[in-house]
Structures are given as C-alpha cells and as structure tokens.
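The values are calculated or read from the model by the stated rules, or taken from the named source; none is laboratory data. Here the structure is a predicted model, which is why all the values come from computation and not from measurement. Cβ: placed from backbone, ideal geometry, glycine included. Neighbour counts: every protein chain shown.
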Amino acid sequence: MKKKKTALFLETIGYFLLVLAVLISGALLFHTFYYELIYVSGTSMAPTLSQEGDIVDFGILDTHESAKKHLKRFDIVSSYYPTSVDYYDLSNNILRPNAKKKLKRIIAMPNETFEIKNGLLYLLKDDQFELIEYPFETLPNNPSFIQKDTFGAITLEDDEYWLLGDNRANSYDCASPTVKKPVKYENLAGVLVAIEGRAKLYIKHYVCSNCGKKYSTNVNTCEDCNHEVEPFYDLKDKRYHWPRYF
C-alpha cells in the first residue's frame, strides 16, 4: 500500500512538471514569435527609456495590425521617419535599404489640429486650444531648442501621427528642423508593449547600407557597390527585471 501511494505521488508530480513545462514552453514560444525584440538606442526617450553608455533598455514590440489599429495618444511606437535620409522617393514612400526605425511617443492623432508651445501640447477643441497634460515626465527644455518646441497649428490627415521624444532637448522627431512632417500610418512598425530588462549593446558585424553585404571588420565603403558600410548591433548579457508595461 505504501509503495502504491508513493508511486501515485510521483506520478502526480510528474504530470504536474510536464504540464508546467508545456505552459512555460508555450509562453516562451508566444513571446518569441508573436512579439518583436527591440532595444533603446540613444537618449531621445529619456527619462522614460534610456541608454547609458553601452547598456540599454530592451523589451518587446507588438507589430500586428490589431495593435496598430488601436493606437492611443501617448503610446510609444516604433516608426520610420519621412526624411530624405530614410526614403528614396517620398511620393511613393519607398524605404531606403538602410532605413532605421525610431522609438517615439504619439502626441497628436489623425484628423486633430494641435500646436506646441515650449514643448507643451495644445489641442483644438470647440474652436479653442486646450492644454493636454502629459502623463509622463519630460526632460527640461534647452534654450537652443525653444524654436523647435514652439510652432503654430498643424492639422493632421486621417492617416497621420505626430511623434515626439520625451527628451525634448535632444530628440530627432517630427518637430526637428530636418523633418517637420508627420508620420504616416503605413510607416508605423509597432507599439511598445513592455521593457523587460537591460543588456549590453555590441557591434555584431558591419553591413553595406545598399546591398547588405556583411563584413567582420569596419570598412568605409562596400567593395561590391561602393556604398556606406554601417555597424549592425546586437544584445548580450541580458538582465531581466519585472516588466514595465506601456
């Protein structure tokens, strides 16, 4: 009798561990294949997101249409920017091979009329501009950026969003002099879900911005097509913490 009880106990434990393993494996697979891994590059979203030296925040991005269809003001999104740096032809919206995505915050939504004064958002409601409080912290304005952070009324089209970085003194965003244009819906790559930890950023290899040829060491131009060669970064030494959801 005692042996039967022991065998039953061990069998129950075995089933429990099997179910636990299946659940964990399923969660990991869902996390890996449903979301896109992203990391923070630069300080334009500080203090919300940060990079300190080669140590960066990393997390997950939801790139599905279902997530993009439910965007809200102040969501943090990954997007391509409408500048000559990232596009061959703005009218056809064709990305350059080396187009880079940037993490910024949605400030104004489609069909809205708004203005920015000293970094603060004013939204047109009932023929009057109303101050919209930010539910997040921004870094103080730098005097040299006052012109960038103050501009007149802008009305967005039904597929346009206005994106800004939380670090108003140091952010390449829609208010930057070389951009001054909204981001189209089709150029939004995804919505930030959570920051899960910090990791070390390192150069994995170098790659041609035109043909994509990889190099193990840094060279100025590609030997095949004579275009610029850029570093390709990756993460190592990941340290997870309790997720910060957005």
Members of the stretch 100-135 that are assigned to a loop (DSSP other than H, G, I, E, B) and either surrounded by fewer than 16 Cβ atoms within 10 Å (Cβ to Cβ) or modelled with pLDDT of 85 or more (or both): K100, K101, M109, P110, N111, E112, N118, D126, D127, E133, Y134, P135
Candidates A67, A7 - the one that is at pLDDT below 60, of a type in the set (G, A, S) and at negative phi: A7
Criterion (in contact with a Cys (Cβ under 7 Å, 6 or more places away or on another chain) and part of a loop (DSSP other than H, G, I, E, B)) met by exactly one of C174, C225: C225
Residue within the stretch 24-46 that is of a type in the set (D, E, K, R), under 17 Å from the mean Cα position of the chain (by Cα) and either modelled with pLDDT of 95 or more or in a helix (DSSP H, G or I) (or both) present: no
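Starting from residues that are among the hydroxyl-bearing types (S, T, Y) and modelled with pLDDT under 90, keep the ones in the stretch 159-213 and report whichever is surrounded by the most Cβ atoms within 10 Å (Cβ to Cβ). Working first, answer last.
First, pick out the residues of the stretch 159-213 that are among the hydroxyl-bearing types (S, T, Y): 161, 171-172, 176, 178, 185, 202, 206, 209.
Filter once more, so that each one left must be modelled with pLDDT under 90: 171-172, 176, 178, 209.
Working: S171: 26, Y172: 16, S176: 17, T178: 10, S209: 16.
So the residue we want is S171.
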Failed item in (1) aliphatic (A, V, I, L, M); (2) in a loop (DSSP other than H, G, I, E, B); (3) within 17 Å of V56 (Cα to Cα), with A169 passing the rest: (3)
From V183, V179, V193, residue being closer than 14 Å to S78 by Cα and in contact with a Ser or Thr (Cβ under 8 Å, 6 or more places away or on another chain): V183
In the stretch 177-205, residue farthest from the chain's Cα centre (by Cα) [restricted to those that are within 25 Å of E115 (Cβ to Cβ) and part of a strand (DSSP E or B)]: K184
Residue in the stretch 140-149 that is more than 21 Å from S79 (Cα to Cα), outside any loop (DSSP other than H, G, I, E, B) and not hydrophobic (A, V, I, L, M, F, W, C) present: yes
